[in-house]
Amino acid sequence: MITHQHEAVIIGAGLAGMRAAIEVAKTGQDCAVLSKIFPSRSHSSAAQGGTGASLGNLDDDNWEFHMFDTVKGSDYLGDQDAAEILAKEAPEVIYELEHMGAPFSRTPEGKIAQRKFGGHTLNFGEKPALRACYAADYTGHVLLHTLFEQCIKYGIRFYAEFQVVHLIVKDNVCRGVVAWDVRHGGLHLFRAKATMFATGGYGRAFRITTNAHANTGDGLNLVMRTGLPLEDMEFVQFHPTGIYRNGILMTEGARGEGAYLLNKDGERFMKRYAPTLMELGPRDLVARSIQTEINKGRGCQTEEQKKQGIPGDHVYLDLTHLGEARLREVLPQIFELARNFAGVDPAKEPTPIQPTAHYSMGGIPVTINGEVIYNADNDSVRGLYAAGECACISVHGANRLGCNSTLDATLNGRRTGRTIAKHLPDLIYEELPDDEPEKAEIEMDWYFKADGSENVADIRNELQDTMMQNCAIFRKGEELKTQLDIVRELQERYQNIGLQDKSQAFNTEVMEAMELGHLLAFSEVIVYGALERKESRGAHSRTDYPDRDDKNWLKHTLAYREPDGKIRLEFKPVVITRFQPKERKY
Amino acid sequence: MKKTYRIFRFDSAKPKQKHYDTFKVETAKGETVLDVLIEIKAHHDGSLVFRRSCRHGICGSCAMQINGLNMLACETQVEMLKDNTITVDPLPGFKPIRDLAVDMDPFYEKLHSILPFLINPDSPPTDKERLQSEEDHRKIELATSCILCGGCTSSCPSFWADKDYLGPAALLKAYRYVFDTRDVGLNERLPMLDNKHGLWRCHTIMNCNDACPKHIFPTEDISHLKRKVVEEKY
């Protein structure tokens, strides 16, 4: 096994990982970034509509409104100390990105352009705020490339196409990771004083998703396998507007620019669910509203469905009244995506859409400074950090607002990078327990010898289909119990997979098998948490427990994997400072 | 619809055994060449190697040659391809590693060499953005949508002839910064741009314009860059 030593090792090269790396490198300390794909391929690039900050370039915005909206959007499960930091530091983080060279769209005065986004309001809910700072509908893409280019400037060492296989934590001290060199084959041990996860979300557990093939939540399971907990995993956000049948994102910025949602009668049905904000309600509410329209028989039908008398299973996103010129100017990517993946000209006809698994509110529990914690008292693991979508601070609580994710990733990536830079002088290269790196060898051996009868793609498809059926927007106890059995049965079958490719170099079949192992492990945690949480809050909506239950459930779940493989839940109180929970109306 | 796919197979460990494998795959309306590759890997041959991630044209992983043209597999719908046999090759001009995956390191090295970051020694304003007019922003906007898929550079005959040529992707990035009103780094970039493997290797063949999945016209931006360098230096 080849050994490397870096003071800080960051896993994941999206917005959070690269933003953190820059902060460490700025202090002259040694930092390396591992990523299973090239940094510029990271899924942050798929963020479209904008990054929230109360710059007030086009209205009278301020950070308190942003904080309130974030807390209300979270259905009061978000920790308010984290929400306050997010809202307060956002303008500084945006200006800094602009100073780095991020090519934001501009207002007529030459300032950063801002647009409306779901759930973002002025004056505590009065009317929509222009808060999302954008670069057309390529915001995530330009931010990712800007940060990648800054990493080049700072000479940060990348290990691209390295897949982490094993995280070494013992006695609540992190000692580094073992990674597989995908391109050449072979295990590499990375000893580090500080290790950070920035590995993104877990949307690939679902059939219909905006997420990239790479979003298999590897980091979450790597952390959980060491005995550390995951927080609030039951909260999975469904974005209201994914392209029908393939789930590809159509930004909320489309509605921010004025697009309508229509049912089969051509009615703007959001008036029934969010009379003030209409299409700009928060995502959980809009996704539920769409699903309710479909469930009540008001969904739109394809020609084929009409012929066969099958009820409609999608609704329309109508952009036609915006006109082709405006679409091409402010939503050029949406314009292309509708043509390439929905087969419609969005300037002339409405685009068929359906809710799509999008964002993972749950993740690796961290303090407001990005330190990974191991219990409900916020005690942290020495030398282990996390930020971005794989982490749970928790700032998004039960439902994240649009344009708060690229903000969370850059802002908390920066904060976590600063924490690491500050801690490094007091951290050492910890001793490696004898048997630890070998665990990675045993695991890789298992893949290369796997010659069972089960097919990786089939198990993955069954997992995604059944998660979609039983654990998506509306959930019910019985269905969740069924799903828990299904996931456990798939885990059993996974033990008997067979792989054809025995090459060491560029063996993507082994990589996909490894990713499936992670998907199966944390999907069980999602379902388990969803079954235990007997209330409806934010993105977690139980038809058998339709109300929010603050008395029993205003708390975070911490899920541990016990040595015998069972899941155990602990609970962590929500931090409430400025805004007491109240009924959530839009 | 059922079509035949001829897929290039290669393993750098056994370079002499390169060949094509043929698969027959059924696809539904709207399915893409990437969907076909995923299906082949799932149920025909698990050892097929290709890169992919976002599957909607923003990550830039799956650029490859489809029926002789550089395209993103994820954006290429099968029904748009007229032939019944579809040939899939790795991006030309780059060293193949396995099957459809090529060595992108030289591509990235060239990108690094043109200093792809904002150069401006003046401190930016505190607690404010630098101002830039909408018009000035528009000059670089299209160039900033480059996804670094490599399709343009790989399609360029000048690059095939001179592997040290920066290529359209790196030059486009240089354009994106040189023409950014906030940047003053032209002189620092000049040695890389103004040499025999730099700007002047572009002979306006324009293959890059056809290859770009984001509808950028690198040739046009490279021409602007040439003019700028002439004005600056001569």
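May I ask for the net charge around B:SER158, where only other residues with Cβ less than 12 Å from the Cβ of B:SER158 are counted and Lys, Arg are +1 while Asp, Glu are -1?
Charge balance in the 12 Å sphere: +1.
Among A:4-15, A:370-381, A:50-61, how do they line up from the highest to the lowest mean number of other beta-carbon atoms within 10 Å?
Answer by packing, highest mean first, reads A:4-15, A:50-61, A:370-381.
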Inset, instruction - Mind checking which lysines have their Cα closer than 20 Å to the Cα of A:LYS26? Skip sequence neighbours fewer than 8 apart in that chain. - result: A:LYS153, A:LYS193, A:LYS422
Legend entry - Residues B:LYS173, B:LYS233, B:LYS214 arranged by fewest to most Cβ contacts within 10 Å: B:LYS233, B:LYS214, B:LYS173
Inset, instruction - Pairs to check: A:LYS439/A:LYS555; A:LYS271/A:LYS306; A:LYS116/A:LYS481. Give those whose C-alpha atoms are more than 30 Å from each other in this structure. - result: A:LYS439/A:LYS555; A:LYS116/A:LYS481
Legend entry - Other protein chain Cβ atoms within 10 Å, averaged over every residue that makes up B:128-141: 6
Inset, instruction - Indicate the gyration tensor shape class of the protein assembly as shown (rounded, prolate or oblate), computed on the Cα atoms with a ≥ b ≥ c the square roots of the eigenvalues: a/c under 1.5 is rounded; otherwise a/b larger than b/c is prolate and the rest oblate. - result: rounded
Legend entry - Contact order normalised by residue count of chain A, Cα under 8 Å, 6+ apart, percent: 21
Inset, instruction - Specify which residue in the list A:HIS518, A:SER503, A:LEU484 is farthest towards the positive end of the charge dipole of region A:438-573, using unit charges on the beta carbon of Lys, Arg (+1) and Asp, Glu (-1), about the Cα centre. - result: A:LEU484
Legend entry - Highest-first arrangement of A:564-575, B:41-52, where packing means the average Cβ count within 10 Å: B:41-52, A:564-575
Legend entry - Rounded to 10°, Cα long-axis angle of helix A:508-532 versus longest principal axis of chain A: 60
Inset, instruction - Let me know the Kirkwood hydrodynamic radius for region A:438-573, please, with Cα pairs as the basis and the value in Å to one decimal. - result: 16.6
Inset, instruction - Please go through the residue pairs A:LYS296/B:LYS2; B:LYS173/B:LYS196; B:LYS163/B:LYS228; A:LYS72/A:LYS572; B:LYS95/B:LYS228 and name each one whose alpha carbons sit more than 27 Å apart in this structure. - result: A:LYS296/B:LYS2; B:LYS95/B:LYS228
Inset, instruction - Would you compute, from DSSP H runs of 4+ residues alone, the mean residue ellipticity of chain A at 222 nm, taking -39500 (n - 2.57) per run and dividing by the full residue count, rounded to the nearest 500? - result: -10500 deg cm²/dmol
Inset, instruction - Would you mind pulling out the separation of the Cα centroids of region A:365-379 and region A:416-479, in Å? - result: 20
Inset, instruction - Using a 10 Å cut-off on Cβ to Cβ distances, tally the other chain neighbours for every residue of A:95-105 and report the average as a whole number. - result: 6
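Do the sum for chain B: with -39,500 (n - 2.57) for every DSSP H run of n ≥ 4, divided by all residues, what is the mean residue ellipticity at 222 nm, to the nearest 500 deg cm²/dmol?
Calculated from helices alone, the mean residue ellipticity at 222 nm is -9500 deg cm²/dmol.
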Inset, instruction - Note the angle between two axes, namely the Cα long axis of helix A:456-470 and the longest principal axis of the Cα atoms of chain A, as a number of degrees from 0 to 90, rounded to the nearest 10. - result: 40
Legend entry - Which of B:TRP200, A:TRP63, A:TRP553, A:TRP180 has the fewest Cβ neighbours within 10 Å, and the rest in rising order: B:TRP200, A:TRP63, A:TRP553, A:TRP180
Inset, instruction - Decide, for region A:237-354, between rounded, prolate and oblate: order the square roots of the alpha carbon gyration tensor eigenvalues as a ≥ b ≥ c, take rounded if a/c falls under 1.5, and otherwise choose prolate if a/b is larger than b/c, else oblate. - result: oblate
Legend entry - region A:122-181: C-alpha gyration tensor shape, a/c 1.5 cut-off, then a/b vs b/c: oblate
Legend entry - Candidate lysines for bridging to B:LYS3, where Cα separation is under 24 Å - those fewer than 8 sequence places away on the same chain excluded: B:LYS18, B:LYS24, B:LYS29, B:LYS41, B:LYS82
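Read the figures in this text as sums done on the coordinates, not as results from a lab. Because the structure is a prediction, the values reported are computed rather than measured. Every residue, glycine among them, receives a Cβ derived from its backbone with ideal geometry; neighbour counts consider all protein chains shown.
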